[in-house]
Each structure stands twice: as C-alpha cells, then as structure tokens.
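Below is one structure, written out as structure tokens; comments come after it.
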Amino acid sequence: MRVWPPVRHGDLFDTAIRGGDTALIIDGVYHQAPALRHKEILAAMGRGVRLIGAASIGALRAAELAPFGMLGVGSIYTAYVRGEIDGDDEVAVGQAPDGEWDALTWSVVNLRHALQLARSAGVLDAERATRTLTALHAVYYPQRTTAAVRAVCRRQGETEFAGWLAERRDQDRNFGDLKRADALAAVRTALSGWAPRADSQPAPSVWETTYFRQWSNAFARERVDGLELSTEDRIVYQQVFDPAFRKTWAAYLEYRSRHPASDEPGLPLAERLGQVTGGDLPAHHVFHPAVDLRDETTVALLLASETPEDRQAVARYADALARARRSRPGFSTAAVRGDLTRRVLVRVWRCPAQRFDAEASARGLVCGARAVEAAKRLMPGFLNERKEMASGAR
C-alpha cells in the first residue's frame, strides 16, 4: 500500500498505478494547483484501476462518477448523492503553503456534523444550529480557523456551543471530524478487496478528447539513463535541436498514414497525399496528426535520433525551468519572451525569417507560433548555458 499527498491533476497518469490496483481518493488540492479532472479518473478506470472516493474531493468525484463505476463511501458521499449538500466549498479546507498537508481550517461538513452532535447533546436547538452554520459557512474557507469559529460563535451569542466544542476537542482532537471517519471507512473498504462489476468499466469514448490527450502527453514520463524525464520535453528538444528532425517527422507521417488512428484503411503517404492534393504540397503542410505519447511506436519513432547527451541536456533544461519557477513566484513559460524564442529558433535552424513557418511545419510543430510556444520551456536553460559559455570565453 502506498500513501500519497492530496491528489492533484496528473497524479493518475503515474505509470506506477496499473490495472488491477485500487486507488482511494480522499483529499485533493484545487486552489494552489489544478484539481483532479473527471476524465483522468475515467481513464484510470478504463485501464482497470478500481477507484474509490470518500471524505473530501474523493466523495465529490465519486458522487459525480458513480454511474461510470466509481465507488463512493461514507456520509459525505451519501449527502452529495442525495443533494443534501453540493459544491466544493462543503469540504474545502486551508493548508500551509510549505508542503505540510494538515488541515488548518474547519470544513463546512465537519462544522455541520459538530452542530448536529451539539443538538443531540441539548447544547442548542435546530434554529440556533442552522443560524450558526449559516454564519460559519459565510467565512471564506482558508480563514475558517478555530479562532474564527470561536469569534463567529461569540457574535451569534453561541458561546456555550463554542465552549462545549472546545472541551470535546480537548478530550478528543478528532471530535466532530466526519471527513476522517469517512476516510477510515473507505480505507477499510479498499482493504476488503472490493471490485466493481465486470460490465462497469467505461469505454475510451467517454474520456478520449483533445484536452485529455494534451494532459496525458504533458504527464508522460520515463526513467532513462538514471534520469526521470518528461517524454514531451524530450521530443520538443529533438524538434528544436536535431538538424535532421525533418526526416524523423516524415517517417512519423508515413507511419501514421499506414497505421491511422481511425478505422480508415492504411495507405502509403504518397498515395494518401495524392488523393488529397494531387501531390502539389509537401505532406507536412497537409497532415498534422495529433501525437499520442502513450503509443510506444510513436515515441520510438520521434526519439529515433536521441543521444545520451540529448537526454542530459533535457534534464538540465528542466532543472533550469524548475529553478526559475522557484526563484520567481508566479513565473511560467508564458513569461518567456516570444520574440527572443523566435530569434533563437531562427538561428538554431539556420533558416531565413520568411521560411520560419515552413521549417516549423517540417519539424512537426505546425507553424512558427506553435513552435515558439513549445520551445519556451527550453529557453531558460538554453540561454543560461549560452551566458555561461560566453563568460567562460572571456
């Protein structure tokens, strides 16, 4: 069994999660990083991973994807399914920005549960509990600390409830933690060997979209030469720096023409091109097939000329990009100057400016604008190395 931090967009693409495994989703990030998408869960189930959700984003996603075979466990999941609660804010909590994952604030579902327990204990009645919950719900979730809960209770005249809750929490720090109770129930379910119905596995048509392919490409990784590398970064590096990548892309177009992703028959590229244009245009101007990095043959073709030195450079450039992100809060590749990237590409490709779009197309980058966007990830590392070389020359 492996325990991971709160789930985020991309985690289910990890190749360590295989068909026949059970993945239990409890907490997840969504403010400081993109949240886990529904189609990522559907794709994991499609390849035979058993998905269970509970307590937090797990309960929310399970309620949304139960018709496709995801299992939901616990009171919070049930409340979502019945429509008694809705919205992410019911389970949202604030966390420290330094990588610690402990909840620093109260979720609405836990406060509602604590108020229900207080009603059962005769501490307050239904009307006062409802009024107090409304006031607590109005506090923005990362600010709903224990101190904020006490302050709201004082303003509402519910100091008795606040004192009662503090006393119970002193006796049991998990008192009122419905999310924790649901999470533990889900762990027991996962360990019991639950398996979905054989006919509940979703079909690829449910999740296969252009966006999903972009996500799967972005998270494709492989360990090579002791380096954990992004497959997409490796291919972009070849498209930018391999002088012979035109031939590599032509070979890929030939492969795709003979092995199309659709049900249409395979044809030699020249024959297919003749049917479409009469043969007047180069194939790379006509055909722009989507690249799927889950296909091993595709990856092997596009990386056919990659060298160990290339992989070392990809690793250095990825490290440089990571350092830029750490040292400059809010930095992204969008901040890399497009005009500078274009000048670098023109110089590397040794092509006249007026041939820039044609060269980008021949390298599988469709056009100059897309080439610039793809190459931006390499620029911090490339430019740093050029500066170091210039300094060394002096």
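The values are calculated or read from the model by the stated rules, or taken from the named source; none is laboratory data. The structure presented is a predicted model; accordingly, all values stated were derived computationally and were not measured. We place every Cβ from the backbone using ideal geometry, glycine too, and count neighbours over all the protein chains shown.
Residues in region 287-339 that are aromatic (Phe, Trp, Tyr) and more than 22 Å from the chain's Cα centre (by Cα): Phe287 only. Restricting to region 198-256, name every residue that is in a helix (DSSP H, G or I), without any contact (Cβ under 8 Å) to a residue 24 or more places away in the chain and within 25 Å of the chain's Cα centre (by Cα). Answer for region 198-256, where residues must be in a helix (DSSP H, G or I), without any contact (Cβ under 8 Å) to a residue 24 or more places away in the chain and within 25 Å of the chain's Cα centre (by Cα): Ser205, Gln214.
Residue by residue, here is whether (1) exposed (fewer than 14 other Cβ atoms within 10 Å of the Cβ); (2) of a type in the set (A, V, I, L, M); (3) outside the structural domain of Glu373 (by TED's automatic domain parsing) holds:
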{"position": "Leu191", "(1), (2), (3)": "yes, yes, yes"}
{"position": "Arg197", "(1), (2), (3)": "yes, no, yes"}
{"position": "Arg213", "(1), (2), (3)": "no, no, yes"}
{"position": "Val240", "(1), (2), (3)": "no, yes, no"}
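Among the residues of region 152-184, those that are in contact with a helix residue (DSSP H, G or I) (Cβ under 9 Å, 6 or more places away or on another chain) and among the aliphatic types (A, V, I, L, M) comprise Val152, Ala162, Leu165, Ala166, Leu178, Ala181, Ala183. Within region 57-86, being over 17 Å from Glu40 (Cα atoms) and either hydroxyl-bearing (Ser, Thr, Tyr) or within 20 Å of the chain's Cα centre (by Cα) (or both) holds for Ser75, Tyr77, Thr78, Tyr80. Residues in region 2-28 that are hydrophobic (A, V, I, L, M, F, W, C) and without any contact (Cβ under 8 Å) to a residue 60 or more places away in the chain were compared, and the one that is nearest to Ala79 (Cα to Cα) is Ile25.
Of all residues in region 56-102, those satisfying the criterion of being in contact (Cβ under 8 Å) with a residue 40 or more places away in the chain, of a type in the set (Gly, Ala, Ser) and at negative phi are Ser56, Gly58, Ala59, Ser75, Ala92, Gly94.
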